[in-house]
Amino acid sequence: MTSSAFALSVPDAAPPRPWLHALVLAAAALVLCWPVTLASSAFAGAAGALFGTFLAERLILARWRLWVLISGSLAGGVLGAFLVGQLLDSATLGELLSPTRLLWLGEALTYGGLCFFGSVAIRTLAIRFRAALALEGGLAVLAVAATVSAHRDGMIARPLEVSDWFWGQGIDPVFAFLGVGLLGSVLFAGILAYGRSAKRALLQLLVVLILGLFLALRIHSKDPTLDPKGAGAAQGQEGKDPRQGQGGGGGGQNQNQKPNDDLPSNGQNSQERPAAVVVFHKDVVPAAGAFYFRHGAFSQFNGTRLVEATIPGLDPDARHTFPVELEAIPGPQHEALDRSEVATDVALLTEHSRMFALADATVVEPMANPEPARFRRAYRVVSKVLVGEYQQWMGLEPGDPTWDDETWAHYTQLPKDERYYQLASDIKASVKEEYQDDPLVLALAVKSYLEKSSTYSFKRSYAGTEDPTGDFLFSEDRRGYCVHLSHSAAYLLRALGVPTRVSAGYAIPTSNLAGGSALLIKQGDAHAWAEIYLAGLGWIPIEVTPEKTDVEPKRFEEKDLQQLLGEMARKEGRNQRQAASGPKLIDLLKKLWSYVPWALLLALAVSYAIKLWRLYGPVLFPGKKAPRLAYRAALDRLAMFGLVREHGEPRERFAQRVKDRVPSFLPLTQAHVGSAFGSRAPFATLDGARLERLPLRVGQELATVVPWWRRVLGALNPLSWWWSR
Amino acid sequence: MVQMVNTLSPEPVGPKNIAYGHEVARRLFDRVRAAVRGRDDVIELVLTALFADGHILLEDFPGSGKTTLAKALGESIVDPRPDPERGLIESFRRIQFTPDLLPSDLTGTSIFEPNTGAFTFRPGPIFAHVVLADEINRTSPKVQSAMLEAMAEKQVTVDNKTRPLDALFFVIATQNPLDLAGTYPLPVAQLDRFLFKIRMTHIDRAAELEVLSTLRQRKAGAGRALPPVTRTEILETRALIEEQVQVHPMIQEALVDIATHLRVDRRVLQGVSTRALVLAVPALQTRAMLYGRDYVGAEDLEALLPRIFGHRLELGAGATEADQVIKAALAPVLERLARATLRGA
């Protein structure tokens, strides 16, 4: 036997699958266009990609140079855009169509053309160079990733078009998005594997599925919002990291050195991250115009800054440990005037080290987590919210009549710096004489003075000095943020003898409720504010909001998310059945996952058994099917070391190909093929050798030509027989 | 063929054995090879066509050795029968086809003999074992038809009398693929009569050097010293191939499947005919015999089908290489065939 000059080398030609590629590109175009244009134009884009793919299949047959095709399609795109522009600008068309129709047409033509020429370029490239297929896959992945990326950081309501539908079906869109990603990878793996070997395709799909399952479980059990770095940065940013003792201006500013530098790079992202959702059981309009959620109060001056009171019994209302049972919070708020009792359910979306509660809390109580898949923890708070108008509290005395001198001193301590007293008395002097002893009027005067004379900014840091608040207050332009402003107000009021402290937590404008009863708290809502004590009323917030700012104003855009999370937080047993079904599925998956190692082990054992049986079965138990099984045993031995017949290669030619390395394989092949194709003397070529011994001889011959490490690998490979064919 | 070895068991060589045919082919191959260097592949195909009772069309340039090949083949086949039995059959004839050739120039004609006063038939050059039909596309369709009819029927009709040609009637036709001015190219339907159409490429450097270095020996007739083959041996071998080389049903199925694949291929306007399949079977059997096997294997399909089907396909626009199309049709069928052997009955 010889391979004649005409012997064919059969190529592993993958036949074209235009429909599959067209489908992928059209879907990618649709998804990419959807958020930026009208729905009709997005469909036009998908149609363009579809036609572009089929055109590329035709163009590639025309045997043009690749660069001609690519630059031709790019030029086509530019020309098309120019023509569309001309068409839309033309007066006649404007007269024929209404402006809406004109816009509709222009968008459809633009996106359709863009996707058309884009897909022509991508497809022609990918047909000529298989490596460029990655470009296509990348586009598909990008489309999915771009859509789903809005969903990260706990923004589970985005993208609205997709998640709304899933919520409507009662499915958490996280799983839906994971499913989309998984489907995408499976599809892509399918494209890569299609037209080659069914076995290989199956194996790849299996690997992708297992990986996807693994990732899904990992992602589910590890919420990205738990990321301690991000959360820490967000909390520390406004100097309210509870562990850092946020009270004193100095302390806060020291801490703020780093967050301030970080702000441009990581700020926006973590600021937007939802931290908690609060469900109100009753409508309430707070006097301050905002909901203040307190998780700490700082009233003790330690020489440079305000810190939490170390004297027992002070600031009892500033509780920050989570409740384990129904617990009352002591404090002046219980008997105070002008307070309205309201209960709130708080569901935390990120891990908090301190409890926060709507000011001023009277009772806290732990709560069953309404949606363990989503929330970290939940508790109920009953608060007495200050309602009414500030004017009506004019004339109230500062401090509490029960306070002793020590307490008074505690709430009026400040740095020994004359400038505070000087500025305070200047402000006091600007107030009408009849009100100069009214603490509320003085507080409002300080507030108004600071608001007029300072600028809200994160750009300045007053770190590392003796008195950072003084550095801020007595600087020329007074650039600073809530920590500096609240401390300045506190020191100035203390200088005037008004008992003041700084509280920290979250402050949310009442308008965010937007008519609903759920309130979303984001990490960016962290805040610090000054509070004065009025007899009979308790602590009331004095908010200093400078008129000038160099920070982009916050806008509230998460109404849907707020509503959605509110609904989830409100479930609480009422909808136990549905809540239970989610975790149940996850538990089942986890249980299944725990069996995976055993299943793999079993599969391993089975495939070793099959391997050994195929290798040695025919040798030990020669029988009627001898030539076929002996040949297969030899074939397995070759496959162990990567010597595999190619697709469409006749067995005889394969034997010729490996003849130099494995001479015994040739007569074995001839015996096998001969008996399969009806030879009268199939074993004549064996030269008297015993058929069932030939596989062993093949193994010995292989051992002499294959390096030892390859032999070890081949022997260990449990699936080597899978590849022999 | 270079390493053509008898791999079958060393049973006694008799007329009823594959080894016998193999030995005949070996002798013939050696003799032809002594005259023609660097064309082993073509010689193999020519022998395949000869034993499969087909004809062959060579597409090549002048001076590529086709006459030498045909002549060497013709001279290697001797006919030891006495004259009357043999008739007027020559061992080798060459016909140069020209536009003014007439059918009777091929078939022969009756000539009036003044001595006897009767017409006697003077056979034309077609009455030979091996006929070289040179530049067959240069002659008129009328002559082409006469030639092709003779090839198909193995007989000619002159003066209303049908005269059989020799049983071993073997035509090697040639045509020049480039110089097409004033020619009558053979249509696909007529190409169907040829078992193979072989496009010969220039031989490689080493072979060409060998041609030059062995020039003197070959002029001296080196091949003639080698033992020839008799006409009877060839006819016996043909019978033996038909009888003894197994064509397994799986092979037949594969053959039909490949033809079906070709017929449904979008690039093919007209697929292969059933006659092509019928002709393919003896060719496959012959190749098996040449390689010393008594069964047709997958490699025979792979090696021969592009040669047999290549000139029978009419391709649509855009497809230029019949080989590519056939390879694409072969691959899945051969893969299935290879797997079928492992599954067992």
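The values are calculated or read from the model by the stated rules, or taken from the named source; none is laboratory data. Predicted model, so just to flag it, every value in this text is computed and none were measured. Quick reminder, even Gly has a Cβ in these numbers, built from the backbone with ideal geometry, and neighbours come from all protein chains shown.
Observations on the model:
- Among the candidates A:536, A:497, A:505, residue that is assigned to a strand (DSSP E or B), on the phi > 0 side of the Ramachandran plot and in contact (Cβ under 8 Å) with a residue 40 or more places away in the chain: A:505
- Residue B:301 within 12 Å of another protein chain (Cβ to nearest Cβ), part of a helix (DSSP H, G or I), of a type in the set (A, V, I, L, M) and touching a residue at least 12 places away in the same chain (Cβ under 8 Å): yes
- Positions within region A:312-341 being of a type in the set (A, V, I, L, M), more than 20 Å from residue A:352 (Cα to Cα) and touching a Ser or Thr at 6+ places or on another chain (Cβ under 8 Å), in sequence order: A:314, A:328
- Selection within region B:330-345 - more than 8 Å from chain A (Cβ to nearest Cβ) and either modelled with pLDDT under 85 or within 24 Å of the chain's Cα centre (by Cα) (or both): B:343, B:345
- Each residue in region A:707-724 was checked for being aliphatic (A, V, I, L, M) and either surrounded by 18 or more Cβ atoms within 10 Å (Cβ to Cβ) or within 43 Å of the chain's Cα centre (by Cα) (or both), and 3 of them qualify.
- Filtered by the rule that a residue be crowded, with 19+ Cβ neighbours inside 10 Å, at pLDDT 85 or above and closer than 12 Å to residue A:488 by Cβ, region A:439-466 gives A:446, A:447, A:449, A:450, A:454.
- For region A:75-129, taking the residues that are among the hydroxyl-bearing types (Ser, Thr, Tyr) and assigned to a helix (DSSP H, G or I), the one that is modelled with the lowest pLDDT is identified as A:92.
- Among the residues here, residue A:172 qualifies as touching a Gly at 6+ places or on another chain (Cβ under 8 Å) and farther than 23 Å from residue A:47 by Cα.
- Looking across A:694, A:713, one residue alone is touching a Leu at 6+ places or on another chain (Cβ under 7 Å), away from chain B (no Cβ under 11 Å) and modelled with pLDDT under 90. It is A:694.
- Some residue of region A:112-127 being closer than 27 Å to residue A:376 by Cα, surrounded by fewer than 21 Cβ atoms within 10 Å (Cβ to Cβ) and outside the structural domain of residue A:351 (by TED's automatic domain parsing): no
- Residue A:330 meets all of the listed conditions (1) touching a residue at least 24 places away in the same chain (Cβ under 8 Å); (2) of a type outside the set (S, T, N, Q); (3) more than 26 Å from residue A:468 (Cβ to Cβ) but one, namely (1).
- Within region B:220-238, the presence of a residue that is outside any helix (DSSP H, G or I), outside the structural domain of residue B:24 (by TED's automatic domain parsing) and in contact (Cβ under 8 Å) with a residue 60 or more places away in the chain is excluded.
- Test: residue in region B:258-279 that is within 11 Å of chain A (Cβ to nearest Cβ), part of a helix (DSSP H, G or I) and either surrounded by fewer than 24 Cβ atoms within 10 Å (Cβ to Cβ) or touching a helix residue (DSSP H, G or I) at 6+ places or on another chain (Cβ under 9 Å) (or both): no
- Matching residues in region A:416-427 - criterion: being crowded, with 21+ Cβ neighbours inside 10 Å and not hydrophobic (A, V, I, L, M, F, W, C): A:420
- Condition check for residue B:50: out of contact with any helix residue (DSSP H, G or I) (no Cβ under 6 Å at 6 or more places or on another chain) and assigned to a helix (DSSP H, G or I): yes
- Filtering region B:224-245 to residues that are surrounded by fewer than 18 Cβ atoms within 10 Å (Cβ to Cβ) and within 14 Å of chain A (Cβ to nearest Cβ) leaves only B:243.
- Residue count for region B:97-155, restricted to those that are assigned to a strand (DSSP E or B), surrounded by 14 or more Cβ atoms within 10 Å (Cβ to Cβ) and under 22 Å from the mean Cα position of the chain (by Cα): 7
- Residues of region A:406-432 satisfying the condition of being hydrophobic (A, V, I, L, M, F, W, C), in contact (Cβ under 8 Å) with a residue 12 or more places away in the chain and part of a helix (DSSP H, G or I): A:408, A:423, A:424, A:427
- Which numbered condition residue A:725 fails, given (1) within 14 Å of chain B (Cβ to nearest Cβ); (2) over 22 Å from residue A:605 (Cα atoms); (3) assigned to a loop (DSSP other than H, G, I, E, B): (2)
- Against the numbered list (1) on the phi < 0 side of the Ramachandran plot; (2) assigned to a loop (DSSP other than H, G, I, E, B), residue A:444 comes up short only at (2).
- Residue check for residue A:613: at pLDDT 85 or above, more than 18 Å from residue A:669 (Cβ to Cβ), under 36 Å from the mean Cα position of the chain (by Cα) and not basic (Lys, Arg): no
- So residue B:293, is it farther than 23 Å from residue B:130 by Cα and either crowded, with 16+ Cβ neighbours inside 10 Å or more than 9 Å from chain A (Cβ to nearest Cβ) (or both): yes
- Some residue of region A:625-637 being more than 12 Å from every other protein chain (Cβ to nearest Cβ), farther than 20 Å from residue B:337 by Cβ and in contact (Cβ under 8 Å) with a residue 12 or more places away in the chain: yes
- A search for C-beta distances below 7 Å between a residue of region A:707-725 that is more than 27 Å from residue B:339 (Cβ to Cβ) and any residue that is part of a helix (DSSP H, G or I) and aliphatic (A, V, I, L, M), counting only pairs 6+ apart in sequence or on different chains, returns A:711/A:703.
- Scan of region A:591-610 for residues that are touching a Leu at 6+ places or on another chain (Cβ under 8 Å) and either assigned by TED's automatic domain parsing to the domain that holds residue A:662 or under 14 Å from residue B:342 (Cα atoms) (or both), ordered by number: A:607
- Of residues in region A:640-685 being among the aliphatic types (A, V, I, L, M) and facing chain B (nearest Cβ under 7 Å), the one farthest from residue B:333 (Cα to Cα): A:684
- Filtered residues of region A:531-573 (kept if under 20 Å from residue A:166 (Cα atoms) and polar (S, T, N, Q)): A:562, A:563
- Among the residues making up region B:239-257, those that are assigned to a helix (DSSP H, G or I) and in contact with a Gly (Cβ under 7 Å, 6 or more places away or on another chain) are B:240, B:241.
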